[in-house]
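I have placed the structure first, in the form of structure tokens, so that the comments after it can refer back to it.
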Amino acid sequence: MIKLNLPVLFAQKGMRVSDAEKKIDLARSTLYRLYNNEATRIDFDSIEKLCKLLDCTPNDLFIISDES
């Protein structure tokens, strides 16, 4: 299963979802779904916004988990 690594990346930056919401144009509900790995899809625009916000690459955003 592919998951977003947002909890780790946000913690490294000392950032919360509410902080991210103020800095990038993504709805709070979308950010929470992404943060909690409840989203079923993500578009390229959102990936780009998160990468710029967190100063990371798409490779940093995603992890492969053995959990199903």
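The values are calculated or read from the model by the stated rules, or taken from the named source; none is laboratory data. Note that the structure is predicted; figures quoted are calculated from it, not measured. As a convention, Cβ positions derive from the backbone with ideal geometry for all residues, glycine included, and neighbour counts pool all protein chains shown.
Within the stretch 10-17, identify whether any single residue is surrounded by 15 or more Cβ atoms within 10 Å (Cβ to Cβ), modelled with pLDDT of 95 or more and in a loop (DSSP other than H, G, I, E, B), and answer yes or no.
yes
Does the stretch 58-66 contain at least one residue that is in a loop (DSSP other than H, G, I, E, B), of a type outside the set (A, V, I, L, M, F, W, C) and modelled with pLDDT of 95 or more?
Within the stretch 58-66, not a single residue is in a loop (DSSP other than H, G, I, E, B), of a type outside the set (A, V, I, L, M, F, W, C) and modelled with pLDDT of 95 or more.
So is L34 surrounded by 10 or more Cβ atoms within 10 Å (Cβ to Cβ), of a type outside the set (D, E, K, R) and touching a residue at least 40 places away in the same chain (Cβ under 8 Å) or not?
Considered against the rule, which asks whether it is surrounded by 10 or more Cβ atoms within 10 Å (Cβ to Cβ), of a type outside the set (D, E, K, R) and touching a residue at least 40 places away in the same chain (Cβ under 8 Å), L34 comes out as no.
Identify all residues within the stretch 18-46 that are under 19 Å from S65 (Cβ atoms) and outside any helix (DSSP H, G or I); write none if there are none.
N36, N37, E38, A39, T40, R41, I42 - these are the residues of the stretch 18-46 that are under 19 Å from S65 (Cβ atoms) and outside any helix (DSSP H, G or I).
Kindly evaluate L53 against the criterion of being in a helix (DSSP H, G or I), surrounded by 11 or more Cβ atoms within 10 Å (Cβ to Cβ) and touching a strand residue (DSSP E or B) at 6+ places or on another chain (Cβ under 8 Å).
no
What pairs can you find where one residue is in the stretch 6-18 and among the hydroxyl-bearing types (S, T, Y), the other is surrounded by 15 or more Cβ atoms within 10 Å (Cβ to Cβ), and their Cβ atoms are less than 9 Å apart, with a gap of 6+ or different chains?
The qualifying pairs are S18/L31.
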